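Structure incoming, see below.
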Amino acid sequence: MSVIVAASLTQRFGSEVGLDGVDLDVDAGEHLAVLGDNGAGKTTLLRILATAARPTSGRIEIFGLNATIERRRLRGVIGFVAHAPGLYPALSAAENLEFYCTLQGVDRGRVGEVLELVGLAELARRPADKLSRGAQQRLAIGRAVLHDPKLLVLDEPDASLDSGGADLLARVMRGRTAVIATHDHALANRLCQRTLVLRRGRVVGVPTRLRVVQ
Amino acid sequence: MTKYEKGALAAVAAMVVAAGFIFLYAPTDALQGPVQRIFYLHVSSAIAAYGCFAVVLIGGIAYLWKENVAADRLARAAALVGLVFTTITLVMGMIWAKPTWGTYWTWDARLTSTLVLWIIYAGYLMVRRLADPGRQAARFAAVVGIFGFIDVPVVHFSVTWWRTQHPGPVVINDALPPQMLVAFFVTMACTLFLAAVMIAIRYRIELLMDQAAEKVVPAAIAAPTEAGGVR
Amino acid sequence: MARKDLTSEWRTRELVPALAQFVVLALVIANFGFQIDSRNAPAIAPGVLWMALVFAGLVAFGRAFAAEREQSSLEAMLMTPASPAAIFAGKALAAALLLVLCEAVLLPALALFFSVPLSFEVVSAVLLATVGMAVLGCLFAAMVARVRARELLLPLLTLPLWIPFIVFGGQAVQVAMGGGGGTGNASGLLIDLDILFVVLTSLAARFVLDD
């Protein structure tokens with residue numbers, strides 16, 4: 001069963017093109033890695049997949065719904081970790097999560113579970129701006145799974161994660177469909193079954209199954 | 001000659017006709033003297049401006065509702081033309097004011113609200129320029145255009161709602177002699193025609209600019225600049 | 001949402017003291033600029049009140065979406081089922097309360113320095129105007145948050161639409177302070193304007209916040 005089906009996705013910014021005719025599909029439970037250099041269009045693509053942005057043209061369906069129209073409904077089942085953490089510096093880690101709980105309509109009890117999951121249980125009371133970059137990233141990941149989404153979209157989550165980050169990502173991605181953008185081929189290898197390579201907004205080659213290299 | 005050139009020529013001809021009515025047909029005002037003739041163009045420009053801003057309002061609503069790019073383009077064109085006519089109104093007003101009141105400007109309700117109108121639509125054009133081109137610029141501008149239109153009835157009714165120095169409504173109150181009335185309606189019709197032609201021409205320009213922008217496709221791939229994107 | 005904003009503000013405690021200070025300073029400068037004495041105070045005081053409030057408001061709204069901007073949290077908020085209108089309402093509420101705090105400093109200071117009476121009418125007029133100013137300021141702050149040259153654009157967009165509130169608020173305050181002038185029911189008009197703009201901005205919120 002396909003979770004994501006996208007055809008001819010194109011994204012324009014004024015006269016500049018971020019994505020040019022990208023097709024992709026992702027099946028349920030699959031983990032897809034999107035690789036490519038900076039500026040290749042990974043972030044643009046991921047934002048569209050997360051319904052944070054709408055493509056200039058092209059079709060995209062997520063869970064069978066038209067993703068450019070049914071955004072509000074889809075957002076309830078999608079978790080997005082963007083490039084920037086999206087946290088409130090003056091609030092503590094726990095308070096940040098509580099705030100998002102209210103927005104998500106999720107019970108506050110989840111906060112404790114999620115803090116455990118991302119390994120921030122001891123730092124729950126620390127203001128977010130006093131957390132290390134790695135801890136902030138963990139918190140952002142926690143925020144994205146607060147509502148137990150079925151689809152997880154992660155934009156270079158490994159960029160600032162500290163050690164043990166790969167394990168965390170594996171834990172978080174387990175049992176969900178996931179699309180992750182990264183530079184790290186080894187990580188992609190470990191976490192995902194398929195890759196997609198972008199260069200200058202276009203898909204290069206064919207989405208391949210990763211071979212496990214021993 | 002393209003239809004735009006023909007339209008432009010027709011509009012110019014219309015204005016010449018109107019000028020004829022203003023200077024040759026209409027009598028000189030007993031009280032104010034020749035300077036009163038500014039009234040015809042001044043009021044016509046104001047009405048043309050209102051009309052333009054009404055187009056901006058409708059275009060904006062149409063865009064927000066249906067994401068109709070043509071509607072947004074029309075709104076853009078009308079906003080610029082409307083701003084031009086507002087400028088004409090203000091300038092003609094100031095030219096009239098100096099000999100009549102002894103000063104170019106006064107802060108009465110009509111003048112102030114008209115100036116505010118000018119600022120609002122100048123803001124509209126600035127938002128278009130500064131926001132991300134495409135959807136964001138169009139949405140934001142539509143919102144500004146809709147809120148800004150609230151000032152139009154204020155401008156129009158300011159002379160009845162408040163005590164102002166600005167002369168009160170004369171056309172509606174039937175305070176004009178028939179010849180002046182005729183001259184006024186002719187001028188107004190010609191000015192509205194001119195405004196329509198200007199909007200049509202500007203629309204075409206905007207259309208060409210949009211099409212040119214879309215052609216610059218393959219070479220540059222940009223990183224998105226919206227909040228949350230790669231910087 | 002509003003609680004989050006206010007808690008944030010409380011923790012950092014930067015905005016409110018700065019605004020309060022600014023407001024008092026504005027009053028002091030007005031005194032020198034306008035050469036106020038006991039005769040012209042009632043006439044000038046309303047003007048000073050609104051000027052100080054407008055500038056404080058601009059500063060406050062300039063910062064309103066700053067936190068979201070820095071951390072791209074706006075996007076994260078939109079990614080939830082929460083409706084943009086609700087997010088907007090929360091922010092507007094928080095902003096309005098901040099403005100009210102400002103006024104709580106401004107009005108007594110005004111009464112003190114300019115010896116003008118502070119009646120219920122004055123306070124209610126100011127509060128009514130604050131509602132309208134808050135929703136409009138918030139809407140344009142949200143718009144301008146993602147645009148270049150925002151410090152320039154925010155006043156340009158917001159001030160023209162604040163003018164009716166300043167005009168009618170000024171009239172109401174002037175009448176209440178014993179100065180003459182003011183025709184008709186300025187407070188009633190303020191209420192009408194408030195309703196109009198609260199409805200309009202709520203409708204507009206989703207176009208301004210979301211893509």
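Name the long-range amide H neighbours of residue A:29: under 5 Å, sequence gap of 5 or more, or other chain; modelled H, no Pro or chain starts.
Residues meeting the amide H criterion: A:177.
Students often forget the sequence filter, so: which aspartates and glutamates lie under 18 Å Cα-Cα from residue B:98 once same-chain residues fewer than 8 apart are removed?
B:29, B:108
When a/c reaches 1.5 or more, the comparison of a/b and b/c decides; with that in mind, is the range B:1-68 rounded, prolate or oblate per its Cα gyration tensor?
Oblate shape, in that a/c is at least 1.5 and b/c is the bigger or equal ratio.
Need one value for A:68-76: mean number of C-beta atoms belonging to other chains within 10 Å of its residues' C-beta atoms.
Per residue, the average neighbour count from other chains is 3.
Now, a different point. For the protein assembly as shown, what is the percent of antiparallel DSSP beta bridges, rounded to the nearest 5?
So the antiparallel bridges in the protein assembly as shown amount to around 55 percent.
Say each of residue B:4 and residue A:37 gets a label point 7 Å from the Cα, pointing the same way as Cα to Cβ; how far apart are those two points in nm?
4.0
If you take every residue apart from residue B:209 with its C-beta less than 15 Å away from the C-beta of residue B:209, what net charge results, scoring Lys and Arg +1 and Asp and Glu -1?
Result for the neighbourhood of residue B:209: +4.
Say we join alpha carbon atoms closer than 10 Å with springs in a Gaussian network model of chain B; which of B:125, B:176, B:207 then has the biggest fluctuation?
So, out of B:125, B:176, B:207, the one fluctuating most is B:176.
Among B:107, B:118, B:96, determine the one that fluctuates most according to a GNM of chain B built with springs between C-alpha atoms less than 10 Å apart.
B:107
Of all beta bridges DSSP finds with both residues in chain A, what is the antiparallel percent, to the nearest 5?
Close to 55 percent.
Any chance you could list P(r) for the range B:3-215, counting all Cα-Cα pairs in 10 angstrom bins from zero, rounded to whole %?
Per 10 Å bin, starting at 0, the Cα pair percentages come out as 8, 31, 33, 20, 7, 1, 0.
Also, I was wondering about something else. How far, in degrees from 0 to 90, does helix B:69-101 lean away from the longest principal axis of the Cα atoms of chain B, to the nearest 10?
30
With the Cα gyration tensor of the range B:53-101 in hand, convert its eigenvalues to equivalent ellipsoid semi-axes via √(5λ) and list them largest first in whole Å.
Equivalent-ellipsoid dimensions as semi-axes: 33, 8, 4 Å.
Test of understanding: ordering B:163, A:199, B:110, A:176 by Cβ neighbours within 10 Å, fewest first, what list do you get?
Final ranking by Cβ density, sparse to dense: B:163, A:199, A:176, B:110.
Right, something else. Spin-label point model (7 Å from Cα, Cβ direction): what's the residue B:101 to residue B:31 distance in nm?
Label-label distance for residue B:101 and residue B:31, simple model: 1.5 nm.
Please arrange B:85, B:21, C:32 by counting, for each residue, the other beta carbons lying within 10 Å of its beta carbon, fewest first.
So the ranking, lowest neighbour count to highest, is C:32, B:21, B:85.
Among A:103, A:187, A:45, which one moves the most in a GNM of chain A with springs linking Cα atoms closer than 10 Å?
Among A:103, A:187, A:45, the largest GNM mean-square fluctuation belongs to A:103.
In angstroms, what radius of gyration and Dmax does the range C:105-211 have, counting Cα atoms only?
15.9, 50
On a 0 to 90 degree scale, rounded to 10, what angle separates helix B:109-130 from the longest Cα axis of chain B?
The two axes meet at around 20 degrees.
Between the range B:12-47 and the range A:81-160, what is the separation of their alpha carbon centroids in Å?
A separation of 69 Å, based on Cα centres.
With a 10 Å Cβ neighbour count serving as the proxy for reagent exposure, in which order, fewest first, do A:154, A:196, C:118 appear?
Lowest to highest Cβ neighbour count: C:118, A:196, A:154.
Between residue C:185 and residue C:85, how high is the FRET efficiency from 1/(1 + (r/R0)^6) when r is the Cβ-Cβ distance and R₀ = 30 Å? Nearest 0.05.
0.50
What are the trypsin sites (Lys or Arg not before Pro) within the range C:106-164 that DSSP puts in a loop, where the Cβ has at most 13 other Cβ atoms within 10 Å?
C:148
How much length would be gained if the chain were fully extended between residue B:209 and residue B:61, taking 0.36 nm per residue of separation minus their Cα-Cα distance, in nm to one decimal?
Once the chain is fully extended between residue B:209 and residue B:61, it gains 51.0 nm.
Under a Cβ-only charge scheme (Lys and Arg +1, Asp and Glu -1), can you give me the dipole magnitude of chain B about the Cα centre, in debye to the nearest 20?
So the dipole magnitude of chain B works out to roughly 300 debye.
Dipole size in debye (nearest 20) for the protein assembly as shown around its Cα centre, Lys and Arg Cβ +1, Asp and Glu Cβ -1?
The calculation lands at about 1000 debye.
In peptide B:140-147, how many Cβ atoms from other protein chains are near each Cβ within 10 Å, on average?
Mean number of neighbouring Cβ atoms from other chains: 6.
Next question, about the same structure. Using the Karplus equation 6.51 cos²θ - 1.76 cosθ + 1.60 (θ = phi - 60°), what ³J(HN,Hα) coupling, rounded to whole Hz, does each residue of the range A:31-43 give in order, writing x for Gly and Pro?
So the J values, rounded to whole Hz, are 10, 10, 9, 9, 10, x, 6, 5, x, 6, x, 4, 4.
Kindly provide the Kirkwood hydrodynamic radius of the protein assembly as shown in Å, to one decimal, from all pairs of distinct alpha carbon atoms.
With all distinct Cα pairs of the protein assembly as shown included, I get 27.9 Å.
Along each of the three principal axes of the Cα atoms of chain A, give the extent in whole Å, ordering the values from largest to smallest.
46, 44, 35
Related question: If I model a spin label at residue A:7 and residue B:179 as a point 7 Å from the Cα along the Cα→Cβ vector, what separation in nanometres do I get?
Each label point is offset 7 Å from its Cα along the Cβ direction, giving 7.3 nm.
Under the rule of -39500 (n - 2.57) per DSSP H run of 4 or more residues, summed and divided by the residues of chain A, what mean residue ellipticity at 222 nm is obtained, to the nearest 500 deg cm²/dmol?
For chain A, the value works out to -8000 deg cm²/dmol.
Which whole number gives the average, over all residues in B:108-120, of C-beta atoms from other chains lying within 10 Å of the residue C-beta?
Partner Cβ neighbours, averaged per residue: 2.
Each reported figure results from applying straightforward, stated rules to the coordinates on display, with no laboratory input. Because the structure is predicted, anything quoted here is derived from the model rather than measured. Neighbour counts are summed over all protein chains in view; Cβ atoms, including those assigned to glycine, are modelled from backbone coordinates with ideal geometry.
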